[in-house]
Amino acid sequence: MSSAVTRLEAYKDETMKRIPLPEHAAQELFFTTDKDDERVWMPIGDGIVARPMLFNPVQGSWVTLIKADKPGIVSRHRHPAPVTGYTLEGAWGYLEHEWTATPGSFLFEPAGETHTLVVDPQVGHMKCLFHNFGPLIFVDAEGNQTGYDDVFTRLEKFKAHYEANGLGAEFATRLIR
């Protein structure tokens, strides 16, 4: 048993009563990803995979881990809604900005931002947690729309991926809140 669990257990008392959620509240969602089955990661590009953490169709948002195992362009896109990102491993940045995100870096992207996400060639990999508060609009080098993703298209892509690899569509739908 980890020391964190042991410390938490020390605060529990048989007389403590669990305060129930309000009647219409969504259930909590808790899981770990450190021992994920590789099938959980869906390819979204050459050497780039995504792992969903949460789908919120009521608000149109989703949370995803993005992992790239080699340098290069991950995607070029525009955001009509904000995005936050927290870097867990490696290094990455946007061609349109001067900074480089490294482990522990937090990013807020305002609505309207268009950028080209690239993995730093000196580090060669990255893993970042992104919270998209709305759709992604994929664009070409001139900024012309080439596609889009929103919470609904992302959910359907992950459901199809999990159905095809034996995990079943329920693996994705259990992440809806």
### Task
Specify which labelled value, from [x] 1, 7, 13, 18, 18, 15, 11, 7, 5, 3, 1, 0, 0; [y] 1, 7, 14, 16, 14, 14, 13, 10, 6, 4, 1, 0; [z] 1, 6, 12, 14, 14, 12, 10, 5, 4, 3, 3, 3, 3, 2, 2, 2, 1, 1, 1, 0, 0, 0, agrees with P(r) over Cα pairs in 5 Å bins from 0, in percent derived from the coordinates of the model shown.
[x]
### Query
For the chain, which whole-number percentage of the solvent-accessible area (1.4 Å probe, protein heavy atoms only) is attributable to carbon and sulfur atoms?
57 percent
#### Entry: Sequence ranges 65-75, 103-113, 139-149, ranked by mean other-Cβ count within 10 angstrom, highest first
65-75, 103-113, 139-149
### Message
Counting heavy atoms of the protein chains only and a 1.4 Å probe, report the per residue accessible area for the chain as a whole number of Å².
### Response
60 Å²
### Task
Using a/c under 1.5 as the rounded threshold, could you call segment 44-91 rounded, prolate or oblate? The axes a ≥ b ≥ c are square roots of the C-alpha gyration tensor eigenvalues, and prolate needs a/b larger than b/c, oblate otherwise.
prolate
## Note on the structure
For the chain, the longest principal axis of the Cα atoms and the Cα long axis of helix 151-164 enclose an angle in degrees, to the nearest 10, of 80 degrees
### Query
At 222 nm, what helix-only mean residue ellipticity would the chain give, in deg cm²/dmol to the nearest 500, using -39500 (n - 2.57) for each DSSP H run of four or more?
-4500 deg cm²/dmol
### Query
Per 10 Å bin from zero, what fraction in whole % of the C-alpha pairs of segment 14-76 is there, up to the bin with the longest pair?
16, 34, 27, 15, 7, 2
### Message
Taking a ≥ b ≥ c as the square roots of the Cα gyration tensor eigenvalues, with a/c under 1.5 meaning rounded and otherwise prolate when a/b beats b/c, else oblate, which class fits segment 38-122?
### Response
oblate
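The values are calculated or read from the model by the stated rules, or taken from the named source; none is laboratory data. As the structure is a prediction and not an experimental result, all values here were calculated from the model. Positions of Cβ are backbone-derived with ideal geometry, glycine not excepted, and every protein chain shown enters the neighbour counts. Accessible surface is based on the protein model in full, side chains and every heavy atom, while ligands, DNA and RNA are left aside. Shrake-Rupley method; radii C 1.70, N 1.55, O 1.52, S 1.80 Å.
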